Amino acid sequence: MMNSRRRYFPCPYCALVCHRSDNVVRHIRSVHFRQYSFCCQFCGKGLGDRTAYNKHVTSKHGHVTGQTNQQQTEQTVMTSSQ
Ligand SMILES: [Zn+2]
Ligand SMILES: [Zn+2]
């Protein structure tokens, strides 16, 4: 009863239980749907989001990921046609 405030987020596809909802989402995408938004250009490993990608590249390969093409695309979209 004392730990009733702690929430758990079970995976609907397997027995995995996480403490954070975003961890479950990442797990489902990577394990059950095999959706990788970012693919490591050095070893080909798939990462679920930019944070995980940057962390992987920095820790595994010693590179700091700077600019990406997606940021340029976002800025282009935001340009108003006034
Ligand atoms: Zn699962
Ligand atoms: Zn890699």
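Derivation of every value follows stated rules applied to the coordinates shown; laboratory data play no part. Since we're looking at a predicted model, the values are computed, not measured. Cβ sites come from the backbone with ideal geometry, for glycine too, and all protein chains shown count toward neighbours.
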Inter-label distance for residue 11 and residue 31, nm, one decimal - labels placed 7 Å from Cα along Cα-to-Cβ: 0.2 nm
Cα Rg, Dmax, the stretch 9-63, angstrom units: 12.3, 36
Relative contact order in percent for the stretch 9-63 (Cα pairs under 8 Å, 6+ apart) equals 20 percent
